[in-house]
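Each remark here refers to the structure printed beneath this line.
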Amino acid sequence: DAGITQSPRHKVTETGTPVTLRCHQTENHRYMYWYRQDPGHGLRLIHYSYGVKDTDKGEVSDGYSVSRSKTEDFLLTLESATSSQTSVYFCAISDGVLAGELFFGEGSRLTVL
Amino acid sequence: SQQGEEDPQALSIQEGENATMNCSYKTSINNLQWYRQNSGRGLVHLILIRSNEREKHSGRLRVTLDTSKKSSSLLITASRAADTASYFCATDKVGGSQGNLIFGKGTKLSVKP
């Protein structure tokens, strides 16, 4: 299994509070991604990174920010959580060689009350 | 917007039977991938087929791609109870960013012993 660790795995928070999810990899892969998974929508890309301090927006980036200060860590921040951000968040990594094959973490389930 | 759409949404079969899932997409692609997700877990890459390939095999998996119809199928032969999972197609569209895959909503497969 690819070395990807997401933390926390479960979090319950209240509307308006900031939340940070962390993705840590031990594979030294260049590309890292944050997806959210919701019933009826499948997986949707939030943000991705193609190198340290290089990030870009995905399909559903509003309300989210990311940072990547080290190759191994990719942080997803919800500055002010809303109930619509209740979801399961997946981090994924890619080495950019295997034509975009992604390796996924186990997910972080976030509930915003 | 959703690129890949799987069909059927849910499929229930007996152990030993074959399972076929279909995926349709909208734009030109570089490759198409299939992933499996067991309940409560992250996605696992199964197989990748490039746009210039028509068929690919991996163990009990057979994938076909018809770029003229913008569709793909995943066949699992001699299914087992352990194949119970959700299956997603993901496309890497032409001109898209590295690894910026677009996922369908998935087919939920249930294999009964």
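In peptide A:31-39, what is the residue-averaged number of other protein chain Cβ atoms found within 10 Å of each Cβ?
2
Given Cβ point charges of +1 (Lys, Arg) and -1 (Asp, Glu) and nothing else, what value in debye, to the nearest 20, does the dipole of the protein assembly as shown about its Cα centre take?
I would put it at about 180 debye.
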Problem - Estimated inter-spin distance, A:Ser7 and B:Ser39, nm [label 7 Å along Cα→Cβ] - result: 2.9
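Quick one: grab the alpha carbon gyration tensor of the protein assembly as shown, order the square roots of its eigenvalues as a ≥ b ≥ c, and give me rounded if a/c is under 1.5, else prolate or oblate depending on whether a/b is larger than b/c.
prolate
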Handout entry: Residue mean of other protein chain beta carbons inside 10 Å, B:102-108
Key = 4
Problem - Protection proxy ranking, peptides A:39-46, B:27-34, average beta carbon neighbours within 10 Å, highest first - result: B:27-34, A:39-46
Fill in the blank from the handout: Mean per-residue count of partner chain Cβ within 10 Å for B:22-35 equals 1
Exercise for the section: Quote the charge dipole size of the range A:4-112 about the Cα centre in Debye, to the nearest 20; the model charges only the Cβ of Lys and Arg (+1) and of Asp and Glu (-1). Expected result: 180
Completion exercise
Rounded to the angstrom and largest first, Cα extents along the principal axes for chain A equal 40, 29, 24
Fill in the blank from the handout: Per the 1/(1 + (r/R0)^6) rule, R0 = 41 Å and r from the Cβ atoms of A:Asp38 and B:Lys69, FRET efficiency to 0.05 is 0.90
Fill in the blank from the handout: For chain B, Rg(Cα) over 2.2 N^0.38 Å is 1.01
Handout entry: Nearest-20 debye value, chain B charge dipole, Cβ charges on Lys, Arg, Asp, Glu
Key = 120
Completion exercise
Set B:Lys56/B:Lys93; B:Lys69/B:Lys105; A:Lys11/B:Lys108; B:Lys70/B:Lys105; A:Lys57/B:Lys26, cut-off 23 Å on Cα-Cα distance; pairs above it are A:Lys11/B:Lys108
Problem - Probe 1.4 Å, protein heavy atoms only - accessible area per residue of chain B in square angstrom - result: 47
Problem - Sorted peptide list for B:14-22, B:85-93, criterion being average Cβ within 10 angstrom, highest first - result: B:85-93, B:14-22
Exercise for the section: Mind giving me the FRET efficiency for A:Thr20 and A:Asp56? R0 is 22 Å, r the Cβ-Cβ distance, nearest 0.05 is fine. Expected result: 0.70
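The values are calculated or read from the model by the stated rules, or taken from the named source; none is laboratory data. In this text the structure is predicted, and so the values were computed from the model without any measurement. With ideal geometry, Cβ positions are generated from the backbone for all residues, glycine too; neighbour counts draw on all protein chains shown. Just the protein is used for accessible areas: all its heavy atoms, side chains included, with ligands, DNA and RNA removed. Shrake-Rupley method; radii C 1.70, N 1.55, O 1.52, S 1.80 Å.
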